[in-house]
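Values in this text are rule-based calculations from the coordinates and carry no lab data. Since we're looking at a predicted model, the values are computed, not measured. Here the Cβ is made from the backbone with ideal geometry for all residues, glycine too, and neighbour counts use every protein chain on show.
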């Protein structure tokens, strides 16, 4: 073979480089992306925010407003984080963290919240127009409101304890944790949220003097979810009560003290669903 023939048989260096780059790009594109890897990488920042600024469900909003970079970084990360293909526990933990982080940012964006309506307490998150039902958010590549997360995403997991894990920026909500939710710890975390509900008067209050069980409005808001999960767990002696009342009693039963069981077993009490307390869960100045 002549020297000229050998030269012509070799591909140009530029073509070799281009082919190598194309193969590398193809290999990268075919490498599976682990679901929630992006959100998991950023969750440490959110966890640090909760650990620093949340105490017993209350938030140092003033301090968080001045030190919000980690919160904003987490929210930026979850805006496009892929969730499809992740395990159900991981996806539920993701959406709970997303909801609660977005509520924190909604408050610090407006803090101190000016009063616009006499229908809600001063500084309440409800003083922010459309905060739950109209303001669009970006989560997992979707444009979605806080209400849509609650009503169309969380309901698909068929675990009403999730609704007690939502901070909502209010004293009447479930207790905001000082740690992020994770798929690995989710069952423990939701069990704790349910147990805390029975022990906190803002959630369920066993009023012996008033011969009543006072129940948070969250149970009536999410009536379909709680009745589906807990109605059949109630004692047959409560069969004459409404499905929602039976669901509340079925939810409470495993978490009651002996003296509380004695009161409930008498079945002479009223169940009263209380107005939700929209006071801001603000620790600043307390």
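Listed by Cβ neighbour count within 10 Å, with the fewest neighbours leading, 283, 257 appear as 257, 283.
Once the Cα atoms are used to define both axes, helix 13-30 deviates from the longest principal axis of the chain by about 20 degrees. Highest mean packing first, where packing is the average number of other Cβ atoms within 10 Å per residue, the peptides 127-134, 222-229 line up as 222-229, 127-134. Separation of segment 247-270 and segment 153-174, taken as the distance between their Cα centroids, equals 23 angstrom. From most to least packed by mean Cβ count within 10 Å, the peptides 94-107, 111-124, 41-54 give 94-107, 41-54, 111-124. Looking at the chain only, what percent of DSSP beta bridges run antiparallel? Nearest 5 please. Percent antiparallel among DSSP bridges in the chain is about 65.
Counting 0.36 nm for each residue step from residue 240 to residue 209 and taking away their Cα separation leaves a gain of 8.8 nm. Angle of helix 69-78 to the longest C-alpha principal axis of the chain, folded into 0 to 90 degrees and rounded to 10: 70°. May I ask for the angle, rounded to the nearest 10°, between helix 37-53 and the longest principal axis of the chain, with both axes built from Cα atoms and the value confined to 0 to 90°? Relative to the chain, helix 37-53 is tipped by roughly 40 degrees.
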